[in-house]
Amino acid sequence: MKKLNDFMVKTFCNAPCHIAKRDDIVWWKAWIIRIVSVLLALIVCGVITVALTKLNPIKMYITMFEGAVGTSRLVWNLFQNTAILLCISLAVTPAFKMRFWNIGAEGQVLIGGLATAACMIFLGGRLPNPVLIPIMLVVSIVAGSIWGLVPAYFKTKFNSNETLFTLMMNYIAIQIVAYFTLEWSVPKGSGTPRTLEFGQLPTLLDQKYLINILIVAVITIIMYIYLKYSKQGYEISVVGESEKTAKYVGINVKKVVLRTMAISGAICGIAGFLLVAGTDHSLKSDTAGGRGFTAIMVSWLAKFHPVFMIVTSLLIVFLEKGASKISEVYRLNSSFSDIITGIIIFFIIGSEFFINYKVKFNKKEKEAKV
Amino acid sequence: MEQNFALELKNITKTFGSVVANKNVSLQVRKGEILSILGENGSGKTTLMNMVSGIYYPDSGQMFIDGNEVTIASPKDAFNYRIGMIHQHFKLVDVFSAAENIVLGLEDEKGFDMAKNIEKINKITAQYGFELDPHKKIYEMSVSEKQTVEIIKVLFRGADILILDEPTAVLTPQETVKLFMVLRNMRESGKAIIIITHKLHEVLSLSDNVAVLRKGEYVGTVKTAETSESELTEMMVGKKISLDIERSEPENCEDRLVVDSISCVNREGVKLLDNVSFTARSGEILGIAGIAGSGQRELLEAIAGLQHLDSGSVIYHDPKTNQEENLRDKTPMEIRQMGVRLAFVPEDRLGMGLVGNMDIVDNMMLRSYKKGKSMFLQRKNPKSLAEEIIERLEVVTPSADTPVRRLSGGNVQKILVGREIASSPTVLMAAYPVRGLDINSSYTIYNLLNEQKKKGVAVIFVGEDLDVLIELCDRILVIGSGRIAGTVDGRNTTKEEIGLLMTKSSREEQEGGSEE
């Protein structure tokens, strides 16, 4: 016992460094830390690449870059994917700011997409597109916000755990969509998703994704203003920071929770609408493709700031696209690209630690040897 | 070496970020001696002792026990060196008995004999003059009994150096006397005792030596016998200040708030407030005294519309319209919309009165953000209000855009009180408004309350320091276990009278409980 204790003292107390919290960091220092961490990540990835595949890491990074932004088509693709991810990240942000852990964006997006697809199938051809598309938009917003309101209602009424609740709502949504995918597939029951011809979003300036990007840009600005300058946004912050304070000043907390989750679900619904009507023109159970979860990371990394989210979502999509290109070109298992993305994201998240804390090196005490 | 100190600290320094909690602190305590560590809140007393008891690790400096240099890296090390700390917040298992809590966590030595342990506990209680039933469960105990368990716990583990962090903060005057007697007995038997405190009269009546800290720096150690209250204050604050609170005669008293037999229960059905009635009058400070957790918080929250009431009424007399309004079962928003200008400085400043992560301007808006029809916030008035408060109350802050959690306790409180007063209230309720504040800030707050009183506001002041209550308040309401134990006149009452009322009601309740 004594020995163990001595050992602990030696290792932990006489260690060359210890960790202390930082007060505040100048913004440019924070960015230097972030950039250094990305560079370190690239070096570590390079080492691992050489060790595992014997490939030249620099060539690999060039491939990665080309895979993400090599051609103008790829660039548009990148922006389009970023826009969707950003849209979903914007959707979860108000809920997160309120400390309502909405991890059900995946389901809310799918339900929004399902609603859009249903409109395209049942109303398509009977109504002209200029009438049909607004209807699709409204219906998807309503569907998404209902999917968001259900867990919020149970939270306010019975104080249920919103994390589990929103998570399980995802599986319900996935199964419902899976059912309708089969139901609507051509031929029926074959599983090949039907291409939805009516109600596709128009092509602007010969770019089919431009309208998606513009819509998300508008949502970004609105969300920024909403959170920062509106009374409702202020209420969200107060409720998130301290429910007790909110009650003390007379904010109706339940109302704020319901309203915010309705908004969160509604924007997810719009993301579903953009995916089905603007991008895929079909509906599958993996239409959301895990973006509902990735969005959580985007939102956190940007510290819930809508403008920073443009950067974080772009970064993550860039990494995904680039890494999958590596796997494709060098005929590597797709896990390899996941490893690369994982390492880079790990370093970026890790850099936040060094922004919040500093490592101090203990001065060697001269008396120790005497 | 001539005489070894039981504990000696040399040049201890500890920083948290850029905050220096302790800077080159040195002090010594001998066996059979009581040392007080005196300092205002935030002067680093607790941090220093936490390093001795192994909770923090110093950045630099040395510690000696019985003359040998030691490294204390964990509470376990501290325990090996026979150091025991009694924290301000007790760390006991509620459903266990006193004896079970005391032996909890001890290493097994071939077979466990509870009877033997209880015998040992009884021996300790008898030796030092404690009063404790080892079989009593913690949840049945009063705060002072719980404290006794904590002290016996460290003695049972063989501690020779005892550290008590603000031990009297939660005790009535009578219980304090008892505790001091026990501590003196321990001193006689050769223990080294350190007590952390900011109460001057306790220092003078109990300790042999006083070490004074100011803003993390070690000011010096003086012999208690050779010092005085004013000298110690000067050492603590760094300058001479007068310790008198002015008290003007109440003028134009009218009934402003009439609370009539209100009662409420918590989720478990325990009565938090039991048939409480009183009247708060304009131009008067009404003090509320009582042991912590006797229903003070619920009482204020009930008036503010935050606590559901089962019976009774809260009648507000509007000075402008002369109408009577019942505030019961109204939400804070409804109360404000009725035109009732009720200001409330809650006990939990950053958790309830303010939002720690928001800047001063946004915190100013908390009360007023809803004004106007626009869906957007209007930050111009809150900003000028923030600047006004910063200037008038001398708030130390880098700017109005600084998150309030970065400010010191006194400045946080000035922001909160400033905001509440800015609404020109007719009723001002303040719960422990000077808790954790340094002397200067405390007096700023007392002056603000007095200023409001002169303006004809009905001030309700919940306090813990009986000396202050007696000096500041016109009438003092004593509350115990959710019941009013009595009302006394602040001008001709004594601490003993209030202390007796505080304990009377809780004793009655215990007796009543055992009969059932």
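The values are calculated or read from the model by the stated rules, or taken from the named source; none is laboratory data. Keep in mind that what you see is a predicted model, and the values were worked out from it rather than measured. Backbone-built Cβ (ideal geometry, glycine too); neighbour counts: all protein chains shown. Quick note on the areas: whole protein, heavy atoms, side chains included, nothing else; ligands and nucleic acids left out. Shrake-Rupley method; radii C 1.70, N 1.55, O 1.52, S 1.80 Å.
Which one, B:Met358, B:Leu416, B:Thr397, is farthest towards the positive end of the dipole of region B:342-430 when Lys and Arg carry +1 and Asp and Glu -1 on their Cβ?
Result: B:Met358.
Between region A:159-191 and region B:41-106, what's the alpha-carbon centroid distance in Å?
A separation of 55 Å, based on Cα centres.
In a Gaussian network model over chain A where Cα atoms closer than 10 Å are linked, find which of A:Phe180, A:Phe354, A:Phe96 has the largest mean-square fluctuation.
Most flexible of the set in this elastic network: A:Phe354.
Relative contact order (percent) for chain A, with alpha-carbon contacts under 8 angstrom and 6 or more residues of separation?
Numbers: 535 pairs, mean separation 125.3, N = 370.
This gives 34 percent for chain A.
Using all alpha carbons of the protein assembly as shown, what is the percent of pairwise distances in each 10 Å bin, ordered from the shortest bin to the longest?
Bin by bin from 0 Å, the calculated values are 2, 10, 16, 19, 19, 16, 11, 6, 2, 0, 0.
Length gain on complete extension for the stretch A:Ile339 to A:Gln207, per 0.36 nm per residue less the alpha carbon to alpha carbon distance?
Numbers: separation 132, 0.36 × 132 = 47.52 nm, distance 3.32 nm.
Answer, rounded to one decimal: 44.2 nm.
Based on the alpha carbon coordinates of region B:361-423, what radius of gyration and maximum Cα-Cα distance (Dmax) apply, in Å?
For region B:361-423, the Cα radius of gyration and maximum Cα-Cα distance read 11.6, 36 Å.
Considering every residue in A:236-247, what mean count of other chain Cβ atoms within 10 Å of its Cβ is obtained? It would help to have the intermediate numbers written out before the result.
Values: counts 0, 4, 7, 1, 2, 9, 10, 2, 6, 13, 3, 7.
Mean number of neighbouring Cβ atoms from other chains: 5.
Provide a list, ordered by number, of residues in region B:48-83 showing at least 20 Å² less accessible area with every protein chain present than when their chain is taken on its own, using a 1.4 Å probe.
With the partner chains in place, region B:48-83 has these residues losing at least 20 Å²: B:Tyr57, B:Asp59, B:Gln62, B:Thr71, B:Ala73, B:Lys76, B:Asp77.
Hey, any idea what the orientation-averaged projected area of the convex hull of region A:72-321's Cα atoms comes to, in nm²?
Values: hull surface 54.3 nm².
Here the figure is 13.6 nm², rounded to one decimal.
Give, as ranges by residue number, the residues of region A:330-350 whose backbone N falls under 16 Å from the point 7 Å along Cα→Cβ of A:Ile48.
A:332-350
With N set to the number of residues, divide the alpha-carbon radius of gyration of region B:14-130 by 2.2 N^0.38 Å and report two decimals. Provide the component values of the computation, followed by the final result.
On the way: Rg = 17.3 Å, N = 117, 2.2 N^0.38 = 13.4 Å.
Rounded to two decimals, the normalised Rg is 1.29.
Which entries in the list A:Lys59/A:Lys325; A:Lys155/A:Lys254; B:Lys120/B:Lys191; A:Lys155/A:Lys231; B:Lys330/B:Lys383; B:Lys373/B:Lys455 go over 20 Å, if you measure between the two C-alpha atoms of each? Intermediate results must be reported in sequence, preceding the final value.
Details: A:Lys59/A:Lys325 12 Å; A:Lys155/A:Lys254 9 Å; B:Lys120/B:Lys191 18 Å; A:Lys155/A:Lys231 23 Å; B:Lys330/B:Lys383 30 Å; B:Lys373/B:Lys455 32 Å.
Violating the 20 Å limit, Cα to Cα: A:Lys155/A:Lys231; B:Lys330/B:Lys383; B:Lys373/B:Lys455.
If you put +1 on each Lys and Arg Cβ and -1 on each Asp and Glu Cβ, how big is the dipole of the protein assembly as shown around its Cα centre, in Debye rounded to 20? Let's see the in-between values first.
Numbers: 99 positive and 95 negative charges, 742 e Å.
Magnitude of the dipole: close to 3560 debye.
In nm, give the distance between the simple-model label positions of B:Asn11 and B:Lys137, each being 7 Å from the Cα along the Cα-to-Cβ direction.
Each label point lies 7 Å from its Cα, and together they span 5.4 nm.
Over region B:278-330, with every protein chain in place, what whole percent of the accessible area is carbon and sulfur at 1.4 Å, could you tell me? Could the numbers behind the result be given before it?
Working: 780 of 2040 Å².
After summing per-atom areas, the C and S share lands at 38 percent.
Starting with the highest mean, order A:108-115, B:267-274 by the number of other Cβ atoms within 10 Å, averaged over the residues of each peptide. Walk me through the numbers before you get to the answer.
Numbers: A:108-115: 32.0, B:267-274: 13.8.
Ranking, from highest mean packing down: A:108-115, B:267-274.
Could you give the distance between the Cα centres of region B:465-490 and region A:273-304, to the whole Å?
61 Å
Would you mind computing Rg(Cα) / (2.2 N^0.38 Å) for region A:194-255, counting N as its residues? Can you show the working numbers first?
Values: Rg = 19.2 Å, N = 62, 2.2 N^0.38 = 10.6 Å.
Region A:194-255 yields a ratio of 1.81.
What residue among A:Ile343, A:Ile84, A:Ile141 has the largest mean-square fluctuation in a Gaussian network model of chain A, using Cα springs under 10 Å?
A:Ile343
For a quick check: with amide H placed at 1.01 Å from N, whose amide H comes under 5 Å from B:Tyr218's, ignoring anything fewer than 5 positions away on the same chain?
For B:Tyr218, whose amide H was placed from the backbone, the distant partners under 5 Å are B:Lys23.
Dipole size in debye (nearest 20) for chain B around its Cα centre, Lys and Arg Cβ +1, Asp and Glu Cβ -1?
Details: 62 positive and 75 negative charges, 294 e Å.
Taking the Cα centre of chain B as origin, the dipole is about 1420 debye.
A:Glu352 versus A:Glu328, label points 7 Å from Cα toward the beta carbon: distance in nm?
3.1 nm
Between B:Asp318 and A:Val311, how many nm apart are label points set 7 Å from Cα along the C-beta direction?
For B:Asp318 paired with A:Val311, the spin-label model returns 5.3 nm.
Please report the spacing between the Cα centers of region B:343-393 and region A:59-91 in Å, no decimals.
Answer, in whole Å: 43.
Give the accessible surface of region A:72-321 per residue, rounded to a whole number of Å², with probe radius 1.4 Å and ligands, DNA and RNA excluded.
Details: 10280 Å² over 250 residues.
On a per-residue basis, region A:72-321 sits at 41 Å².
Using only protein heavy atoms and a 1.4 Å probe, report how much of A:Trp147 is accessible, in Å² to the nearest 10.
Per-residue accessible area (A:Trp147): approximately 40 Å².
Just the C-alpha atoms of chain B: what Rg/Rh do they give, with Rh taken as the Kirkwood radius? Intermediate results must be reported in sequence, preceding the final value.
Details: Rg = 24.7 Å, Rh = 25.0 Å.
Rg/Rh: 0.99.
Per residue, how large is the accessible surface of region B:7-237? Use a 1.4 angstrom probe and give square angstrom.
Details: 10070 Å² over 231 residues.
Averaged over the residues of region B:7-237, the accessible area is 44 Å².
Kindly compute the accessible surface that chains A and B hide from a 1.4 Å probe when together, both sides summed, and give it to the nearest 100 Å². Don't skip to the end; give the middle numbers.
Values: alone 20390 and 24690 Å², together 42050 Å².
Using a 1.4 Å probe on protein heavy atoms, the buried area is about 3000 Å².
So if I place +1 on the C-beta of Lys and Arg and -1 on the C-beta of Asp and Glu, and nothing else carries charge, what would the dipole magnitude of chain A be about its Cα centre? I want it in debye, nearest 20.
Roughly 1240 debye, rounded to the nearest 20.
Of the listed pairs A:Lys29/A:Lys255; B:Lys76/B:Lys123; A:Lys284/A:Lys321, which have alpha-carbon separations greater than 29 Å here?
Working: A:Lys29/A:Lys255 41 Å; B:Lys76/B:Lys123 25 Å; A:Lys284/A:Lys321 21 Å.
From A:Lys29/A:Lys255; B:Lys76/B:Lys123; A:Lys284/A:Lys321, over 29 Å: A:Lys29/A:Lys255.
Considering the convex hull of the alpha carbon atoms of region B:179-232, report its projected area averaged over all viewing directions, in nm², one decimal.
Details: hull surface 16.0 nm².
Mean shadow area of the hull around the Cα atoms is 4.0 nm².
Which whole-Hz couplings ³J(HN,Hα) result when phi for each residue of region B:476-489 is put into the Karplus expression 6.51 cos²θ - 1.76 cosθ + 1.60, θ = phi - 60°, listed in order with x for Gly and Pro?
Running phi through 6.51 cos²θ - 1.76 cosθ + 1.60 with θ = phi - 60° gives 10, 9, 9, 10, x, 6, x, 10, 7, 8, x, 10, 10, 8 Hz.
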